[in-house]
Amino acid sequence: TIFQVIARAASDPAVNIDKMERLIAMQERAQARQAQLEFDNAMSDAQGEMQPVRADANNPQTRSKYASYGALDEAIRPIYSRHGFSLSFNTDNAKREDDLRVLCRVAHRNGHREEYRMDMPADGKGAKGGDVMTRTHAAGSATQYGKRYLLGMIFNLAVVRDDDGNAAGVKGMAGGGTQFRPERRQGGSWADEARQDGILDETRNKGEMPGK
């Protein structure tokens, strides 16, 4: 194997250092290719076991149902974990000032990892341009939405009876670093779903406007 060749070369005092470095680089490339192959195969196997997820939450404004992050996580975490995947989420600055970038790193136990990202509106504005939540609440809501959408898109999940507030308005795909931007929801569904998730302060229903 390449590893054995490197080990023998390392024991030779007359070894050519440049050749040694090229051998090591060759080994690293071979390992990376193998890890990528195992990642792809495990992803295919995991998706093959995943079934459509039943919508469990209501959006009263659009009179539709959608699958919450909890429902998605409960349905698929045992499957992707069994196939060696782990997920970690983070946020970053987006290209637009009022957006928030949600990141998901998908790591496989054999070493390969992919990062997915999505930019979400986080200005606290409603469909008509008015303030419906504070910037803090808006950031929390955008993060929750981003996690839910990324989770569904990474594993190509289907949701039964879910239009999730005009999901036909979502454009593009997220994967391998590709971005997409959901259209702003109509009828205040951002606020309604955020309220159900416990993110939006209920004082908004009373007309109170906490500071940004």
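The values are calculated or read from the model by the stated rules, or taken from the named source; none is laboratory data. A quick note: this is a predicted structure, and the numbers were derived from the prediction, not measured. Neighbour counts are summed over all protein chains in view; Cβ atoms, including those assigned to glycine, are modelled from backbone coordinates with ideal geometry. With ligands, DNA and RNA removed, areas are computed over all heavy atoms of the protein, side chains included. Shrake-Rupley method; radii C 1.70, N 1.55, O 1.52, S 1.80 Å.
Among the residues of the stretch 76-94, write down those that are open to solvent by 60 Å² or more (accessible area, probe 1.4 Å), closer than 12 Å to Ala42 by Cα and among the hydrophobic types (A, V, I, L, M, F, W, C).
Correct list: empty.
For the subset of the stretch 144-164 comprising residues that are under 15 Å from Ser64 (Cβ atoms) and open to solvent by 10 Å² or more (accessible area, probe 1.4 Å), which member is modelled with the lowest pLDDT?
Filtering first and then ranking leaves Asp162.
Can you tell me which condition Ile24 does not meet? The list is (1) open to solvent by less than 60 Å² (accessible area, probe 1.4 Å); (2) at pLDDT below 85; (3) within 27 Å of Ala107 (Cα to Cα), and all the others hold.
Unmet for Ile24, out of (1) open to solvent by less than 60 Å² (accessible area, probe 1.4 Å); (2) at pLDDT below 85; (3) within 27 Å of Ala107 (Cα to Cα): (1).
Among the residues that make up the stretch 105-121, is at least one of them among the acidic types (Asp, Glu), buried (at least 21 other Cβ atoms within 10 Å of the Cβ) and modelled with pLDDT under 95? Talk me through it step by step, then tell me what you get.
Filtering the stretch 105-121 down to residues among the acidic types (Asp, Glu) leaves 114-115, 119.
Subset that is buried (at least 21 other Cβ atoms within 10 Å of the Cβ): 119.
From what's left, modelled with pLDDT under 95: 119.
Yes, the stretch 105-121 has at least one match.
Can you find even one residue in the stretch 89-111 that is of a type outside the set (S, T, N, Q), within 9 Å of the chain's Cα centre (by Cα) and part of a helix (DSSP H, G or I)?
Within the stretch 89-111 (the criterion being of a type outside the set (S, T, N, Q), within 9 Å of the chain's Cα centre (by Cα) and part of a helix (DSSP H, G or I)), the answer is no, since none of the residues qualifies.
Please verify whether the stretch 33-41 includes one or more residues that are modelled with pLDDT of 95 or more, within 26 Å of Val160 (Cα to Cα), open to solvent by less than 40 Å² (accessible area, probe 1.4 Å) and of a type in the set (A, V, I, L, M, F, W, C).
No; the residues of the stretch 33-41 include none that is modelled with pLDDT of 95 or more, within 26 Å of Val160 (Cα to Cα), open to solvent by less than 40 Å² (accessible area, probe 1.4 Å) and of a type in the set (A, V, I, L, M, F, W, C).
Does Ala67 fit the bill of being out of contact with any helix residue (DSSP H, G or I) (no Cβ under 6 Å at 6 or more places or on another chain), open to solvent by 30 Å² or more (accessible area, probe 1.4 Å) and in contact (Cβ under 8 Å) with a residue 12 or more places away in the chain?
In short, no.
Go over the candidates Ala35, Ala7, Ala42 one by one and state the one that is outside any loop (DSSP other than H, G, I, E, B), small (Gly, Ala, Ser) and free of Cβ contacts under 8 Å to residues at least 12 places away in the same chain.
Of Ala35, Ala7, Ala42, the one residue that is outside any loop (DSSP other than H, G, I, E, B), small (Gly, Ala, Ser) and free of Cβ contacts under 8 Å to residues at least 12 places away in the same chain is Ala7.
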